[in-house]
Amino acid sequence: MTQIITKSYEETRELGKKLAKILTKGDVVVLNGDLGAGKTALVTGFASFYGKDNEISSPTFTIINETVLNDDLSLFHFDVYRLEDEDEFYAIGGEEYFDKGITFMEWGNTIKSALPKEYLEVNIDKDDEDENVRIFNLLPHGKHYDDIVERI
């Protein structure tokens, strides 16, 4: 596991931009953390690398938002907080998106058995003493994601 600490919203967005330089089609990132931890801020930073920073919002009520990043690549931003279980994820065809673009999934730990075999898990904690500090614990699942974490 690798730990990265950001000290502001802007630094969290910069971490998202770093991910954008590394992630490729088919990559899946699972974001876990309390409300306001920085999940959507990280995804906004990722999209800003592609000039799409004003197109990202939390997909809480829609479950999935798609953002076309370029001619060959889309961002699939899931929020599975409101799903009861993995069966609901399968019912919406969620697993079909994994190979079609880059997937960020908020609250993905709630449907763990529906996740692909390999993915990057990012657990985000708020600092108790400084409301601007976020602690990102990157846990790679699989060799490909080991390599990604090393590159960050």
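FYI, it's all coordinate maths here, none of it is from the lab. Since the model is a prediction, treat every value here as computed from it, not as a measurement. Counting neighbours? That spans all protein chains shown, and the Cβs are built from the backbone with ideal geometry, glycine included.
The lone criterion from (1) in contact with an Asp or Glu (Cβ under 6 Å, 6 or more places away or on another chain); (2) assigned to a helix (DSSP H, G or I); (3) buried (at least 16 other Cβ atoms within 10 Å of the Cβ) left unmet by ILE148 is number (1). Taking the criterion of being aliphatic (A, V, I, L, M) and closer than 13 Å to ARG134 by Cα, the residues of segment 32-48 that qualify are LEU35, ALA37, ALA41, LEU42.
Scoring SER74 on the criteria (1) at positive phi; (2) in a strand (DSSP E or B) leaves a single failure, condition (1). When segment 27-50 is filtered for residues that are of a type in the set (A, V, I, L, M, F, W, C) and in contact (Cβ under 8 Å) with a residue 12 or more places away in the chain, the ones remaining, listed by number, are VAL28, VAL29, VAL30, LEU31, ALA37, ALA41, LEU42, VAL43, PHE46, ALA47, PHE49. Across segment 128-143, the qualifying residues are those that are free of Cβ contacts under 8 Å to residues at least 60 places away in the same chain and surrounded by fewer than 16 Cβ atoms within 10 Å (Cβ to Cβ), and the one among them that is farthest from the chain's Cα centre (by Cα) is GLU129.
Among residues of segment 15-32 being touching a Gly at 6+ places or on another chain (Cβ under 6 Å) and part of a helix (DSSP H, G or I), the one that is surrounded by the most Cβ atoms within 10 Å (Cβ to Cβ) is GLY16. Filter segment 38-56 down to residues that are in a loop (DSSP other than H, G, I, E, B) and under 14 Å from the mean Cα position of the chain (by Cα) and give me whichever is farthest from LEU69 (Cα to Cα). Taking the candidates together, the pick is GLY38. Residue check: LEU35 meets all listed conditions (1) assigned to a helix (DSSP H, G or I); (2) exposed (fewer than 14 other Cβ atoms within 10 Å of the Cβ); (3) of a type in the set (A, V, I, L, M) but one, namely (1).
Summed over segment 22-50, residues that are hydroxyl-bearing (Ser, Thr, Tyr) and under 18 Å from ASN137 (Cα atoms) total 1. When segment 115-131 is filtered for residues that are under 11 Å from VAL28 (Cβ atoms) and not in a strand (DSSP E or B), the ones remaining, listed by number, are LEU115, PRO116, LYS117, GLU118. Annotation: of all residues in segment 82-99 being surrounded by 14 or more Cβ atoms within 10 Å (Cβ to Cβ) and in a loop (DSSP other than H, G, I, E, B), the one that is farthest from the chain's Cα centre (by Cα) is ILE92.
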